[in-house]
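Here is the structure we will look at.
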Amino acid sequence: MAVWRIRTEIDDRPGRLAALSTALAAAGGNILNLEVHVAPGGVIDEFVVEFPTSVSAAHITACLADAGGRRITVVPASRAELVDHTTAALLVAAKLHTDPRSLPHLLGELLRADDATWVYGPDANAPSEDHTLIVPAGPSRAVRLIRRSLPFTLTEAARADALISFLLPLATDPVGHPLTLPDFARLTVRPLRDDDFTAVREMHRRCSPLTRRGRYFLARRNLTARMWQAFCDRERGITLVAESDRGVVALAHLVYTPDPGVGEIAILVEDAWQSRRLGTELTWRLLTLARSRGLAELRAHLLADNRRMRRILTRLGAVIESGPGLILEARLPVVSARLNRSPLPATPQSHHI
């Protein structure tokens, strides 16, 4: 028997994974492991499969293509790679605790890289590519990983970033940190509390129909009990409020999705506080929260005429794709987003979003 590591992109809809599994079994394969990775265009299914030695990589590729797979890669694997990934990550973290200087070697071990080295200066700020992953590890320093057999995925980039965070925790807490806007207005950003209902309801009512439509796709004026329950559900995600001395002026939501490693974000900013960079700051804090939770990608659904949110997401590195009707989908890789930049401009005269 031979062991193969197989990756294939697939449409993220019910039944497609079952079709791939059936195709592998029909070709004589025994699935030993399965992981789902986030990809810019959907999801990547990664299998470790045992086949009779008479089954070739070309035959496996053809079977998966017939089952709907795309961009299929089949490379030899070993049984040593079948160590549970969570266990492997914990073992690497324990080794790092003992010897932090071994970070490049251990990152390479975790992600099965062919080469892992420290890089500095301009090389540390170079963008990652398919077979080269740059993992920032402080100012002007990074670990460069090279893997020739398989390209790195967003999920693997998030794992590497999480390991770095184990050694170098985020310098600032995105929740509870005072916020000063470019026009010197001071706000507090904190998690939503159960006793915020009245303040949030009044904020909704102060928003114009156009603003409410931009958030909910229809101009609903009232905060319903069902909406409030969803906002307060800690298992579903986290909701932040931005609060001035006069009450709540904005909401920001990070919601977990059924897709592994993917979160969804949404923001509502009261009209009087728009065009003051508050939306940008809240999006940046949601990104930081997503990073601390090990998410690989954030998505947002927005109306095509919501130019403010489109500009915010594009500046942070999101790719925006057309969706059904007038709705667009923005996909923002968490690790490669521009998190290392200050979310606010240096000059207080600026009044952009």
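What follows draws every value from the coordinates through simple rules; no lab data is involved. From a predicted model like this one, the values you see are computed outputs, not experimental measurements. Here the Cβ is made from the backbone with ideal geometry for all residues, glycine too, and neighbour counts use every protein chain on show.
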| message | Please compute one quarter of the surface area of the Cα convex hull for the stretch 2-81 and express it in square nanometres. | response | 4.7
| field | Net length gained if the chain between TYR256 and ALA272 were fully extended (0.36 nm per residue, minus Cα distance) | value | 2.8 nm
| note | In the chain, helical segments from DSSP H whose Cα atoms cover 18 Å or more along their own axis and that average at least -0.5 on the Kyte-Doolittle scale are 85-98, 154-167, 278-292
| said: If I model a spin label as a point 7 Å beyond the Cα along the Cα-Cβ vector, how far apart are those points for LEU91 and ARG205 in nm? | reply: 6.1
| request: Could you tally the net charge around VAL249, taking each other residue with its Cβ under 11 Å from the Cβ of VAL249, Lys/Arg +1 and Asp/Glu -1? | output: -2
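Find the Rg to Rh ratio for the stretch 178-333, where Rh is the Kirkwood radius over alpha-carbon pairs and Rg uses the same atoms. Can you show the working numbers first?
Working: Rg = 14.7 Å, Rh = 15.8 Å.
Ratio value, two decimals: 0.93.
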| note | When ASP195, ASP161 are ranked with the fewest other C-beta atoms within 10 Å first, the list becomes ASP195, ASP161
| remark: Dividing the helical contributions, -39500 (n - 2.57) per DSSP H run of n ≥ 4, by the residues of the chain yields a 222 nm value, nearest 500 deg cm²/dmol, of -9000 deg cm²/dmol
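Let me check I've understood the local charge: for ALA27, count other residues with C-beta under 12 angstrom from its C-beta, Lys and Arg +1, Asp and Glu -1. What total comes out? Provide the component values of the computation, followed by the final result.
Numbers: positive: none; negative: GLU50, ASP66.
Its environment carries a net charge of -2.
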| task | Could you compute the FRET efficiency for ASP130 and ASP11, with r as their C-beta to C-beta distance and R0 at 22 Å, rounded to 0.05? | result | 0.55
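Over every pair of different alpha-carbon atoms in the stretch 188-264, take the mean of 1/r and invert it; report that Kirkwood radius in Å. Present the calculation step by step, with values, prior to reporting the outcome.
On the way: mean 1/r = 0.0758 Å⁻¹.
Taking every pair of different Cα atoms in the stretch 188-264, averaging 1/r and inverting gives 13.2 Å.
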| query | Quick one: Cα centre-to-centre distance for the stretch 79-145 and the stretch 203-248, in angstrom? | reply | 40
| remark: Rg/Rh of the chain (Cα atoms, Kirkwood Rh), to two decimals, equals 1.01
| message | Less than 12 Å Cβ to Cβ from LEU303, Lys/Arg counted +1 and Asp/Glu -1: what total charge do the surrounding residues give? | response | +4
| remark: In nanometres, the difference between 0.36 nm per residue of separation and the alpha-carbon distance of ASP245 and LEU167 is 24.4 nm
| Label-point gap, in nm, between ALA58 and THR224 - each point 7 angstrom along Cα→Cβ | 5.8
